[in-house]
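The values are calculated or read from the model by the stated rules, or taken from the named source; none is laboratory data. Quick caveat, the model's predicted, so the values are computed rather than measured. Methodologically, a virtual Cβ is constructed for each residue, glycine included, from the backbone with ideal geometry; neighbour enumeration extends over all protein chains shown. Surface areas here come from the heavy atoms of the whole protein model, side chains and all, with no ligands, DNA or RNA. Shrake-Rupley method; radii C 1.70, N 1.55, O 1.52, S 1.80 Å.
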Amino acid sequence: MAKRRHRPLTEAETAYRGGYAEGRRFGGCQAMMERVQMFEPTLRDMKVLYIPQGFDAIDEGVTLALQQSVRECVVGSPAAMLQEASHHRPDVVLVMNGLHVFPADHVEQVNGIRALGIRTAVWFVDDPYFTEDTTSLCQHYDVVFTHEEAAVPFYLGHGANQVIYMPLAVNPGMFQPRRAAPQHQHDICFIGTGFWNRIALFDELAPFLADKKVFIAGSQWNRLTRYDVLGRFIHEGWIAPGETVDYYNGAKIVINIHRTCENGEDNRNTHHLKGHSINPRTYEISACGTMQITDARADLPRYYKPGYDIETFTNAAELQRKIHYYLKHEEERQAMAWRGLLTTMNQHTFTRRIGQLLEHL
């Protein structure tokens, strides 16, 4: 008996199927959002001067959470934090990261704030990639928060007064489920800088990804050896957080690859501290109601359950195998994504995390 040949789908049929699948995905996300537990932060009688690092995905979430959690929150600037602290006289100055956009006299400003009798705290969120800089900075703050668990004994051993492990979280006002337009819909998505460990992984995956609908965005992807295969998938340059949300929502699978901890041209980790903790992208992807496959960090099981609300991989072969499986098993993929969304919104928002941070101040 001759095999029946399936005719190719017309453009209209393809659009209909895509629209139906997107409607089902978004409807499931809405159902999960209705199950999110209401959370009212404790209002503390504190005045906080917050110094942002200039990355909206984090700063906006922290600012909003502080505004909901303290009597008064003033947002300052890295260049004028001493002047602003002197003027506003807060109970505490909370500095986000203290790196990159902060001026050369940053330490002098921190020392000046402490001389005014105002408590200072820094939240390092780039650990362990800049230990050459943070090792000296940590000694000048009253309290050091770090999102990297392995950095706690490290900073204590380098003269910090008080060091507290404080993981990051997500701003649900920015990262959330939304309907994805056709131009944002892909099988596979990765957004981030082309650090060398990521380049090596995608070079190995290139033959497998060649016939998929893939979106890769960020800088330094010209490092790829297999640019001949992957080049057509790459959007070189910065993707704003709002647009990142569109691409996360539109992807069937978003890959999360933590950057290497090795000291070199991509890092200033001269103390060779190893990373154990998850990056903010882990929360942000799951908050969009999209399935995530991430390289496993040691503390991941504290926050998600691998195989239940997140998926993990240890090498390119395992990642390829899991991508292939979940692209073929849509119901399993979406169920995991929906569970990840619920876990994130119930446990890992900045409103909840800032409440935990303020308990130590």
Quick calc, GLU108 & MET46: beta-carbon distance into FRET formula, R0 25 Å, rounding 0.05, result 0.50
For LYS274, the lysines lying under 23 Å Cα to Cα, once residues fewer than eight places off in the same chain are dropped, come out as LYS305
Taking only the alpha-carbon atoms of the range 289-335, the convex hull volume per residue, in cubic angstrom, is 64
Partner aspartates and glutamates whose C-alpha sits under 19 Å from that of LYS322, ignoring same-chain residues fewer than 8 away, are ASP187, ASP203, GLU204, ASP211, ASP295, ASP309, GLU311, GLU330, GLU331, GLU332
One computes Rg over Rh for the range 75-128 from alpha-carbon atoms, with the Kirkwood Rh, and obtains 0.94
Correct semi-axes for the range 145-220, from √(5λ) of the alpha-carbon gyration tensor and rounded to whole Å with the largest first, are 36, 20, 9
In deg cm²/dmol, rounded to the nearest 500, the helical mean residue ellipticity at 222 nm of the chain, built from -39500 (n - 2.57) for every DSSP H run of length 4 or more, is -12000 deg cm²/dmol
Share of accessible surface on carbon and sulfur in the range 299-361, whole %, 1.4 Å probe and ligands ignored, is 46
Note to self: Kirkwood Rh of the range 208-338, Cα pairs, one decimal, Å, is 16.1
Rounded to a whole %, the carbon-and-sulfur portion of the accessible area of the range 99-252 at a 1.4 Å probe is 52
Taking R0 as 35 Å and r as the Cβ-Cβ distance between LYS322 and VAL101, the FRET efficiency 1/(1 + (r/R0)^6), rounded to the nearest 0.05, comes to 0.40
Magnitude of the Cβ-charge dipole (Lys and Arg +1, Asp and Glu -1) of the range 110-184 about the Cα centre, nearest 20 debye, reported as 440
Listed by chain and number, the aspartates and glutamates with an alpha carbon less than 19 angstrom from that of LYS47, same-chain partners under 8 positions apart left out, are ASP59, GLU60, GLU72, GLU84, ASP91, ASP142, GLU359
Full extension between ALA298 and ASP211 adds, at 0.36 nm per residue less the Cα distance, a length in nm of 28.0 nm
Computed over the range 210-276, the relative contact order (Cα-Cα under 8 Å, seq sep at least six) in percent reads 23
Here the range 29-180 gives, from Cα atoms, an Rg and Dmax in Å of 16.5, 52
Which residues qualify? For MET46, with a placed amide H closer than 5 Å and at least 5 residues away or on another chain, they are ARG71, GLU72
Given all pairs of distinct Cα atoms, the range 176-276 yields a Kirkwood Rh in Å of 14.5
Rg/Rh of the chain (Cα atoms, Kirkwood Rh), to two decimals, equals 1.01
Dividing the mean separation of Cα pairs under 8 Å (6+ apart) by the residue count of the range 30-160 yields a relative contact order in percent of 21
